[in-house]
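S.K.: There's a structure below that I have some questions on.
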Amino acid sequence: MDRQLLSLGSADKILGLILTALRDLVDYDLAVILKITGANTLTVQKALGPLVNERIESFSVDLNRRKDLAHILRFDQPYLFDEHEEHEDTYEDLLALPEDHSCLVAPLYVQDTPIGLLTLDHSACSMFSPAIVKFIGTISRLIAVIIAQNESSQYLDSLRRDLTRERNILLTREASHFQNMMGNSPAWARVVDQVKIVAESELPVLIQGETGTGKEQVARIIHRLSPRSDKPFIALNCSALNASLAESELFGHEKGAFTTAIVQRKGRFEIADGGTLFLDEVADLPMEIQPKLLRTLQEGTFERIGGEVTRSCDVRIIAASHMDLKQRVQDGLFREDLYYRLGVYPLLLPPLRQRQEDIILLAHHFIQKEAQKSGTVPAAISEETVAGLLSYPWPGNVRELQSAISRAVLLSKGNTIECRHLGLKETPLPAEISAPDRPVAAGSEPQTPFPSMVSMEKRHIEAALIRTAGKIYGENGAADLLQMKPTTLQSRIKKLNINRQQLLSS
Ligand SMILES: Nc1ncnc2c1ncn2[C@@H]1O[C@H](COP(=O)(O)OP(=O)(O)OP(=O)(O)O)[C@@H](O)[C@H]1O
């Protein structure tokens, strides 16, 4: 549509255009469009012509009092006042009109409903011929449609604004859910996408990933983004639970059910009713209890230990494991049917070494958190430290990085963090989940080339640019973050062929 048409804007502007155009066709001294508003009141929307004054522009009249106007409004046709007929002036003496003048009033109808009035006045007599009256009859129908159309588009506009506001609130809320789960790498972006999708559903989710990759955090975010967010999120760590303890934790017990059951206790299923139950380290759940869990998941019912009442519950299950659960099934340590029940939506969290772009980002995030805690300026990190962080395999993933940074901030005593402050030791990687990704033992054939310093520097600068949304200069700019001169940073960006636009849109 024509941009000018779209920007016509307010009703006042549109009605002004209509009355101006009308004046080219019909000679008038005053043309007024009034609208029926609220409690049977006619209110001036727009007035034009030499006789306009401020009082006319703010004029409104109660139709219960003005029976003459109410009567005219009952019929969808213009009414021309007889010039010699005694009639009450529409604008109740606000106009200085001679005794004999021309006055035409046309109701504005949308289908069968009157929505307002168009009045035309002229100081001279006999200005409105029958042809003009007929023409005004037609034009008033068009004016009515335009007014109604404008109102509905304003209504749609306000709805759109409300929806946008609502969407922004939701997005901010969603963004705040992810704010402690940092990451810009493609691998992490895929996790975030999946989390958003699965959160809206009721599907059971099985989160797998090495230790410290953020499984519990992700489970909490799924719950917070789900329709169950106002109901409880209850977590149970299944490791180190024997069968009877696991049963009691899951389903509760009645008083006296066993020697130590001195009081009755609800289980996690009962407490989580309506919400989400997070079964952490589910691979460790004793075999004996697995059929009972399966039954509850299938039927939504359970009994407390020592209880006879069958209770029902409505619980969404999110399970997590740092072990490969399928392998546990193959090893005969986990029931296959339960595995399929829990793993309807599998979510694999990438290890930190597969999120190279995030390592420096997370390191800065944790440095900042430390600085916030101690009320000091965030520590800087040396280039050697950056290379060290990027080449380390991070068997303990984000948790290990977080601990390394906390330690380094302490040891560096407010100075630049050096590699030695991190205290990283080469450790074998966990075998369970990331077999294809294990590091190459010294002396054996490397699977992937060791990253060069130049590629590390490029990644580091890219991470800083992503973090500052491409800003180089000034406070909180990438140069500030990297503690280098902005001009030096710019020349490095050029030299390393970093395309800021591409980087930020990817
Ligand atoms: N993307 C991330 N951004 C910021 N912090 C993170 C991120 N991922 C994990 N963390 C932090 O790392 C720590 C470990 O996360 P979490 O406990 O969720 O991991 P996990 O996979 O459940 O660990 P485990 O297997 O040992 O139970 C937490 O302090 C968490 O806040």
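The values are calculated or read from the model by the stated rules, or taken from the named source; none is laboratory data. All figures in this text were calculated on a predicted structure; none of them were measured in a lab. Please note: Cβ atoms are built from the backbone with ideal geometry, for glycine as well, and neighbour counts cover all protein chains shown. Calculation scope for accessible area: heavy atoms of the full protein, side chains included, ligands and nucleic acids excluded. Shrake-Rupley method; radii C 1.70, N 1.55, O 1.52, S 1.80 Å.
S.K.: Could you order peptides 387-393, 192-198 by the average number of other Cβ atoms within 10 Å of their residues, highest first?
M.R.: Packing order, densest peptide first, comes out as 387-393, 192-198.
S.K.: Here's a follow-up. By the gyration tensor of its Cα atoms, with a ≥ b ≥ c the square roots of the eigenvalues, what is the shape of segment 352-427: rounded for a/c under 1.5, prolate for a/b over b/c, or oblate?
M.R.: prolate
S.K.: Between helix 356-374 and the chain, what is the angle of the helix's C-alpha long axis to the longest principal axis, kept within 0 to 90° and rounded to the nearest 10?
M.R.: Orientation of helix 356-374: about 80 degrees from the principal axis.
S.K.: Taking the mean number of other Cβ atoms within 10 Å as a proxy for protection, how do you rank 224-231, 31-38 from highest to lowest?
M.R.: So the peptides 224-231, 31-38, ranked by packing, come out 31-38, 224-231.
S.K.: Which value at 222 nm does the chain reach when only helices count, each DSSP H run of 4 or more adding -39,500 (n - 2.57), with the total divided by all residues and rounded to the nearest 500 deg cm²/dmol?
M.R.: Computed ellipticity for the chain at 222 nm equals -13500 deg cm²/dmol.
S.K.: I'd like to check one number: the per residue accessible area of segment 66-150, probe 1.4 Å, reported in Å² as a whole number.
M.R.: Counting only protein heavy atoms, the per-residue value for segment 66-150 is 52 Å².
S.K.: Can you say what percent of the DSSP beta bridges in the chain, counting only those with both residues inside, are antiparallel? Round to 5.
M.R.: Around 60 percent antiparallel, to the nearest 5.
S.K.: Return the loop-located GluC sites (Glu not before Pro) in segment 69-141 (DSSP other than H, G, I, E, B) with at most 13 other Cβ atoms within 10 Å of their own Cβ; answer none if there are none.
M.R.: Within segment 69-141, the qualifying GluC sites (Glu not before Pro) (loop, at most 13 other Cβ atoms within 10 Å) are Glu85, Glu86, Glu88, Glu92, Glu99.
S.K.: Hand me the GluC sites (Glu not before Pro) from segment 347-431 located in a DSSP loop with no more than 16 other Cβ atoms within 10 Å, in residue order please.
M.R.: Glu418, Glu426
S.K.: Taking the square root of 5 times each eigenvalue of the Cα gyration tensor, what semi-axes in Å does the equivalent ellipsoid of the chain have, largest first?
M.R.: The equivalent ellipsoid of the chain has semi-axes of 73, 37, 18 Å.
S.K.: Looking at segment 53-151, which trypsin sites (Lys or Arg not before Pro) are DSSP coil and have at most 13 other C-beta atoms within 10 Å of their C-beta?
M.R.: Those that pass, being in a loop and sparsely packed, are Arg65, Arg74.
S.K.: Looking at the chain, identify the longest residue range that excludes and avoids all chymotrypsin sites (Phe, Trp or Tyr not before Pro) in DSSP loops having at most 16 other Cβ atoms within 10 Å.
M.R.: 259-472
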